[in-house]
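Notes follow once the structure below has been shown.
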Amino acid sequence: MREINASIPFDKRMWRQDIRGSQAHVAMLGKQGIVAAKDAEWIADGLAQVADAFEAEGVPDDLALEDIHMLTEARLSEKIGPVAGRLHTARSRNDQVATDFRLWVRDAIDQVEAALDAFQEALLMRAEEHAATVMPGFTHLQSAQPVTLGHHLMAYYEMIGRDRSRFADARARMNLCPLGSAALAGTGFPLDREATAGALGFDGPTRNSLDSVSDRDFALEYLTCASQCALHLSRLAEEFVIWASQPFGFVSLSDQWSTGSSIMPQKRNPDAAELVRGHSGRITGALMSLMMTMKGLPLAYSKDMQDDKPPVFEAHDLLGLSIAAMTGMVESATFREARMRAAAEAGFSTATDLADWLVREAGVPFREAHHITGRAVAKAEAENLRLDQLPLDALQAIDARIDGRVYDVLSVDASVSSRTSFGGTSPMRVREAIAAARAAREENER
């Protein structure tokens, strides 16, 4: 029973939040006259001593004391004696753990926010460097249209921006303080819940004591945001794995972010990227785990909810590692521009440009232009030529409305330069997007 009941081996990670919550609680008790001012000061000093001890020596796995809340109170009692027992006046472990966990998740979101900001900076830096570097754009992993590497990296910048927005929304929604809800029904003591909420940086107190102690939406939202972010990281990781393979050869990963083989000395394995890809499964698994824990619980608190923290802690650790790894890989990768350009030129990726030219310059309906272009691609493939290498007479044999101006759009450079619609891959538009992103970042820092 002691072993299944104790949570101290994992919830000791919240010791800082537990001390902070207790400091705010006892300050309010003293101010409200619920605990004598002298006793409140004594307890506050004792809590500071406990914090110093935990910082210096770590938090022991004392299963007999069950959780971080009981351990903290026991250590406080050792420091200041029986007066420590007054700390738990007008609160329960139910509202205490709900508060500690919210504080921890809020801190976790702030850590993720800082890490994602650094990742976006790495993406911006490399996108700026490669705003005009031509590469194939893919659909179905088949060469589709030429794009620039800068444009491709900025797609991930947008994804991560949405991730940051989701984390910010979750943080704002969870920023209410459960402390003072007690076990489930509130308390008869004259608490100032606004004071404790303000002292802990919350926007205010939660509004329903039953919901306060039984709610874990904030943890589920964190895991939802983490899962979506992990999926984005995994997509880029997968592309790095593919791009680093010899058949593609688009990127060379630095020795810092790859590993060797135990038997094949020539190997440079993209293990960090593969682990990021694997971590995404564990992070989404953590979300599923907590969802299943919470799905059938009646109000208010049930001991099942003790299992809320391990999946959140694991997901947070894995997400932090994944963001750091992808940031390092993006910063240090060597992109092989010539190989990317050759691949873009090899897949008839400017076929759509020929079709568009027929529509724009010859007034051909798009469906007809599509069929004409298909015949041109077939001819180029049979002759083992790129579209821009087909002689004009060969193109005119397919359709007489084609003239020499068509060569202005058939090269990969002409193709990407022509994509000037807002959000397009034209180097001009990519540089504008980067400038806008930098301006927005500077505005947010003010």
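The values are calculated or read from the model by the stated rules, or taken from the named source; none is laboratory data. Just so you know, these numbers come straight off a predicted model, no measurement behind them. Positions of Cβ are backbone-derived with ideal geometry, glycine not excepted, and every protein chain shown enters the neighbour counts. We work out accessible area using only protein heavy atoms, side chains counted, and drop any ligands, DNA or RNA first. Shrake-Rupley method; radii C 1.70, N 1.55, O 1.52, S 1.80 Å.
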Here are some residues: Arg164, Arg216. Which one is among the basic types (Lys, Arg), in contact with a helix residue (DSSP H, G or I) (Cβ under 8 Å, 6 or more places away or on another chain) and touching a residue at least 60 places away in the same chain (Cβ under 8 Å)? Arg216
Complete set of residues in the stretch 184-194 that are open to solvent by 40 Å² or more (accessible area, probe 1.4 Å), of a type outside the set (S, T, N, Q) and farther than 15 Å from Ala24 by Cα: Leu184, Ala185, Gly188, Phe189, Pro190
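Yes/no matrix, rows are residues, columns are (1) at pLDDT below 90; (2) among the aliphatic types (A, V, I, L, M); (3) not assigned by the TED database to the domain that holds Pro146:
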site	(1), (2), (3)
Leu390	no, yes, yes
Ile398	no, yes, yes
Leu410	yes, yes, yes
Asp413	no, no, yes
Arg419	no, no, yes
Pro427	no, no, yes
Val430	no, yes, yes
Tally up the residues in the stretch 430-446 that are in contact (Cβ under 8 Å) with a residue 24 or more places away in the chain and open to solvent by 20 Å² or more (accessible area, probe 1.4 Å), please. 4
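Residues that are more than 41 Å from the chain's Cα centre (by Cα): list the helices (runs of 4 or more DSSP H) wholly contained in the stretch 355-426 that include at least 3 such residues.
On the way: elements: 366-383, 392-398, 412-418.
In the stretch 355-426, the matching helices (runs of 4 or more DSSP H) lie at 366-383, 392-398.
Among helices (runs of 4 or more DSSP H) lying entirely in the stretch 1-54, which contain 3 or more residues that are closer than 18 Å to Ser181 by Cβ?
Working: elements: 2-5, 8-11, 15-31.
Once the helices (runs of 4 or more DSSP H) in the stretch 1-54 are filtered for at least 3 residues that are closer than 18 Å to Ser181 by Cβ, what remains is 15-31.
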List pairs: first residue in the stretch 410-427 and among the basic types (Lys, Arg), second residue in a loop (DSSP other than H, G, I, E, B) anywhere in the structure, Cβ distance under 7 angstrom, at least six positions apart or on different chains. Arg419/Thr425; Arg419/Ser426
So for the stretch 291-314 (the condition being in contact (Cβ under 8 Å) with a residue 40 or more places away in the chain, in contact with a Leu (Cβ under 6 Å, 6 or more places away or on another chain) and farther than 14 Å from Leu223 by Cβ), does at least one residue qualify? yes
Complete set of residues in the stretch 346-400 that are of a type in the set (Lys, Arg) and surrounded by 14 or more Cβ atoms within 10 Å (Cβ to Cβ): Lys379, Arg386
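Going by what's in this entry, would Ala338 be described as open to solvent by less than 70 Å² (accessible area, probe 1.4 Å) and under 44 Å from the mean Cα position of the chain (by Cα)? Break it down into steps so the answer makes sense when it comes.
Details: open to solvent by less than 70 Å² (accessible area, probe 1.4 Å): no; under 44 Å from the mean Cα position of the chain (by Cα): yes.
For Ala338, the condition - open to solvent by less than 70 Å² (accessible area, probe 1.4 Å) and under 44 Å from the mean Cα position of the chain (by Cα) - is not met.
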Flagged pairs (Cβ under 7 angstrom, 6 or more apart or on separate chains; first in the stretch 47-75, within 18 Å of Arg20 (Cβ to Cβ); second of a type in the set (S, T, N, Q)) are Leu47/Ser22; Leu47/Gln23; Val50/Thr72; Asp67/Ser7; His69/Gln96; Thr72/Ser22
Can you find a residue in the stretch 326-335 that is in a helix (DSSP H, G or I), out of contact with any strand residue (DSSP E or B) (no Cβ under 6 Å at 6 or more places or on another chain) and more than 24 Å from Ala114 (Cβ to Cβ)? no
Got a number for residues in the stretch 122-132 being in contact (Cβ under 8 Å) with a residue 60 or more places away in the chain and open to solvent by 10 Å² or more (accessible area, probe 1.4 Å)? 4
Select, from Thr187, Thr196, Thr224, the only residue that is among the polar types (S, T, N, Q), closer than 27 Å to Pro298 by Cα and in a helix (DSSP H, G or I). Thr224
Within the stretch 55-95, count every residue that is outside any loop (DSSP other than H, G, I, E, B) and either over 23 Å from Asp211 (Cα atoms) or β-branched (Val, Ile, Thr) (or both). 25
Need the failing condition index for Gln256 against (1) modelled with pLDDT under 95; (2) under 22 Å from Met154 (Cβ atoms); (3) open to solvent by 40 Å² or more (accessible area, probe 1.4 Å), just the number. (2)
May I ask you to list the residues in the stretch 136-155 that are at pLDDT 95 or above and in contact with a Phe, Trp or Tyr (Cβ under 7 Å, 6 or more places away or on another chain)? Leu149
Condition test on Ala98, is it part of a helix (DSSP H, G or I), touching a His at 6+ places or on another chain (Cβ under 6 Å) and either open to solvent by less than 10 Å² (accessible area, probe 1.4 Å) or among the β-branched types (Val, Ile, Thr) (or both)? no
When you scan the stretch 104-118, do you find a residue that is open to solvent by 30 Å² or more (accessible area, probe 1.4 Å) and within 18 Å of Ala24 (Cα to Cα), even just one? yes
